[in-house]
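K.L.:
I'd like to ask you about the structure that follows.
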Amino acid sequence: MARTLADAPIMILNGPNLNLLGQRQVDIYGAGTLADVEAMCAKAAAAHGGSVDLRQSNHEGELIDWIHEARLSHCGIVINPAAYSHTSVALLDALNTCDGLPVVEVHISNIHRREEFRHHSYVSQRADGVIAGCGLQGYVFAVERIAALAGEGLAAA
């Protein structure tokens, strides 16, 4: 059953090391924190009558459990899988269980201008959209896209 942003929150998942935003490699990821991301996303979702459920884990299995939860109780998923983008078939498989649930992948940096191993993302194979290189603002773009997709069905978008 399709859920709209008015019916259910957007799950925003963040992978390993994103708990250190604003402290780690500021030259790549900027000075903003995960709390800043949450505030920006909450504001963007509220403009559409919705809310967000932001979580972060350094553990792949926990991210998978949250994806399983989202498929039953959320209107879409914004995911920054971080380093798991390039290694995790398990995250891809979990996202593939989310039939009809919009998924947008976010990367703070432009992964295509970085080391070659970062150019490939398993998650992109399931994502309905990929946003890279827009800094923390990319999360807001992703929330906007989920708001446009949620409840409309992907065929209409």
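K.L.:
Pick from ASP99, ASP27, ASP53: which is most flexible by mean-square fluctuation in a GNM of the chain where alpha carbon atoms under 10 Å apart are linked?
P.N.:
Top of the fluctuation ranking is ASP27.
K.L.:
Rank VAL89, VAL143, VAL37 by mean-square fluctuation in a GNM of the chain with C-alpha springs under 10 angstrom and give only the top-ranked residue.
P.N.:
Taking springs between Cα atoms under 10 Å, the residue moving most is VAL89.
K.L.:
Explain nothing, just the number: relative contact order of region 24-157, from Cα pairs under 8 Å at least 6 residues apart, as a whole percent.
P.N.:
The normalised contact order for region 24-157 reaches 27 percent.
K.L.:
Please work out the FRET efficiency for the pair ASN19 and ALA47, using the Cβ-Cβ distance as r and a Förster radius of 30 Å; give the result to the nearest 0.05.
P.N.:
It comes out at approximately 0.65.
K.L.:
Under a Cβ-only charge scheme (Lys and Arg +1, Asp and Glu -1), can you give me the dipole magnitude of the chain about the Cα centre, in debye to the nearest 20?
P.N.:
Rounded to the nearest 20 debye, it is 260 debye.
K.L.:
Also, I was wondering about something else. Which percent of the accessible heavy-atom area of region 1-68 goes to carbon and sulfur, probe 1.4 angstrom?
P.N.:
The value for region 1-68 is 52 percent carbon and sulfur by accessible area.
K.L.:
May I ask for the angle, rounded to the nearest 10°, between helix 137-149 and the longest principal axis of the chain, with both axes built from Cα atoms and the value confined to 0 to 90°?
P.N.:
20 degrees
K.L.:
Hey, another quick one. Provide the net charge surrounding ASN96, with neighbours chosen by a C-beta distance below 15 Å and charges set as Lys +1, Arg +1, Asp -1, Glu -1. Provide the component values of the computation, followed by the final result.
P.N.:
Values: positive: ARG71, ARG126; negative: ASP93, ASP99, GLU105, ASP128.
With Lys, Arg at +1 and Asp, Glu at -1, the net is -2.
K.L.:
Please build a GNM for the chain, connecting alpha carbons under 10 Å apart, and tell me which residue among ARG145, ARG55, ARG113 fluctuates the most.
P.N.:
So, out of ARG145, ARG55, ARG113, the one fluctuating most is ARG113.
K.L.:
A follow-up question, please. When ligands, DNA and RNA are left out and all protein chains stay put, how many square angstrom of accessible area per residue does the chain have with a 1.4 Å probe?
P.N.:
On the way: 7210 Å² over 157 residues.
About 46 Å² of surface per residue is accessible.
K.L.:
Helix-only mean residue ellipticity at 222 nm, the chain, DSSP H runs n ≥ 4 weighted -39,500 (n - 2.57), per residue, nearest 500. What is it?
P.N.:
-9500 deg cm²/dmol
The values are calculated or read from the model by the stated rules, or taken from the named source; none is laboratory data. Since the model is a prediction, treat every value here as computed from it, not as a measurement. Backbone-built Cβ (ideal geometry, glycine too); neighbour counts: all protein chains shown. The area values use the complete protein model at the heavy-atom level, side chains included, leaving out ligands, DNA and RNA. Shrake-Rupley method; radii C 1.70, N 1.55, O 1.52, S 1.80 Å.
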